[in-house]
1. Using the structure shown, list the pairs from Lys216/Lys276; Lys420/Lys519; Lys216/Lys494; Lys172/Lys541; Lys172/Lys347; Lys309/Lys479 with a Cα-Cα distance above 28 Å, or answer none.
2. What percent does the relative contact order of segment 224-330 come to when contacts are Cα pairs within less than 8 Å and at least six residues apart?
3. Show the residues, 5+ positions off or on another chain, whose built amide H is closer than 5 Å to the amide H of Ala114.
4. Taking a probe of 1.4 Å, how large is the accessible area per residue of segment 452-552, in Å²?
5. Where the centre of each part is set by its Cα atoms, how far does segment 76-103 sit from segment 196-218, in angstrom?
6. What ranking do 151-160, 521-530 get when scored by the average of other Cβ atoms within 10 Å per residue, highest first?
7. Nothing charged except the Cβ atoms of Lys and Arg (+1) and of Asp and Glu (-1): what's the magnitude of the dipole of segment 156-290 about its Cα centre? Round to the nearest 20 debye.
8. For Cα pairs less than 8 Å apart in space and 6+ apart in sequence, what is the mean separation divided by the residue count of the chain, i.e. the relative contact order in percent?
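The values are calculated or read from the model by the stated rules, or taken from the named source; none is laboratory data. As the structure is a prediction and not an experimental result, all values here were calculated from the model. Here Cβ is always computed from backbone atoms with ideal geometry, including for glycine, and neighbour counts include all displayed protein chains. Please note that ligands, DNA and RNA were not included when accessible areas were found on the heavy atoms of the full protein model with its side chains. Shrake-Rupley method; radii C 1.70, N 1.55, O 1.52, S 1.80 Å.
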Amino acid sequence: MPQLSRRLSHLTSSPTTTSPTTTSPTTTKPPAATNRNLILVLAALLTAVGHVGANASDPVTTETSATTTSADRPNVLFLISDDLNCRIGCYGDPNVQTPNLDRLAARGVRFENAYCQFPLCGPSRNSMLCGLYPDSTGILANSQIFRETIPQHQSLPHAFRLDGYFAARIGKLYHYNVPRSVGTNGHDDPASWEMEINPMGCDRSLEESEIFSLRKGSFGGTLSWYASPRSEEMHTDAMLAEEADWVLERCAKRADRPFFLAVGFYRPHTPYVAPKKYFESYDLDNMPIVDDVEEDRVDLPPASLLSHKADHDLLTDQLRREAIQAYYASITFMDAQVGKVLDSLEKHGLADNTVIVFTSDHGYHLGAKGLWQKMSLFEESARVPLIIATPEGTSRGETATSPVGLIDLYPTLAELCDVKPPANLQGQSLRPMIDDVDEPGRGFTISQVTRKLPKQKSRFFGYTIRTPQYRLTLWDDGKNGVELYNHQTDPTEKNNLAFDGDQTDSMTRDADTLATIQKLSNMLRKEIARGIPEDGRPAVKTRKWVIDLTNP
């Protein structure tokens, strides 16, 4: 039956499948198409069992209520990795092997300074897919979805669906409890996709008892890794690439309808599981562990280090090397799957009319300042890789250096594809920077996290602004600390210019530095205010809500 359900899905503009790995929301069809689609389904059933001679995989044009179905608009292939920092080849890291991301960067624009808006999976992904700051989505923690706060909003793929695009998701786009939710829809939005495919590989179904973890039996939020002896094809990310090939084959047969295909890879999210051969690509003894932690922390306010977990105190130098090796191996394994999807795009003749995006939901610490994983406002955690390749090949292989955010992807793709977006988007279109990498755009981007100090009852926010030269971070609007880094002279953020003296709350007395802090603080506060609705941040509501694709 899985093969039959796949063949049936080729015949309708809004497929419903019975495959164990594929689910799809029901879509309202125009009344005139109902009987016609029923006939098509019956014909496909007869064809599948050999009773008629028609080819069930032939493309069939179906009616749609979308505003336009222009076939000359570009497709979108949206590729996203999970917990990936910028330690990849095309971003200048000599240690990590990413040949496929490197070749994608050679055909597109690489954004050197791209940042998430909240360095945690759920808030970041909801912000990116809504085109709104986290303060406007109201999603400030994992396991939530924007339909619980702003149910009327159109997500990025939702807007593409309403404008005639076939929108499909394979793997993780919104938040998932990884690895527990692998193989399910996770915390997904049913209005965003016409088709969802959720493979589950050996890394989830067979190997958890074999995975090393700093806390036994804990994987998703704990440093954990495993060099798998099983074949590459058995792993979830490899299955995602295989499913993408099938979807692209289907899309190639529908020249009348463009597609928005999102493929969300799980690696290198913990547990760092990859086939053993990828571990063997990295010499354990040569893994770059950090050795200046104490010196690097003396000028930091306590709030900046609150993403530290007690588990990380269990790390020895040997375990640090093993963790970094496993993280690198997972990156290279993921990169290989990206290569398969790019090859599929070429194989099916779709590359010349497809916008390709590759990014990550946030960055990742590997020991700098004693931090691991995410949820800090330092460069390692907030910065993400971002590559955009357009069919025109504009600025091919060039690098844009002005700071941008994931919040900018929604308006960018909408403009590139002539899709009408909601009027309340808060990002900027990156189209001018794609056409000319020297265009400055907005010239800055901001990120945020929540914090709660020990023995404190209420939380507070940390916000950071990144300009071409500086990063300024205010903890509770400066009441719990200030950080200022000059990236022209201090790209690894070793020297907090706002600190002066031997106490972490000692502010600088240098007049020029104070003037810079004041100027950037004003910019940051203005942008924070723009991101907070007049009636305050939306609260997550435990109310029932119903998706209406055309009037949500």
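1. Lys420/Lys519; Lys216/Lys494, as the Cα separations exceed 28 Å there.
2. 42
3. Those qualifying (amide H under 5 Å, at least 5 residues apart or on another chain) are Val384, Val404.
4. Accessible surface, normalised per residue, equals 63 Å².
5. So the separation of the two Cα centres works out to 23 Å.
6. 151-160, 521-530
7. 280
8. 21
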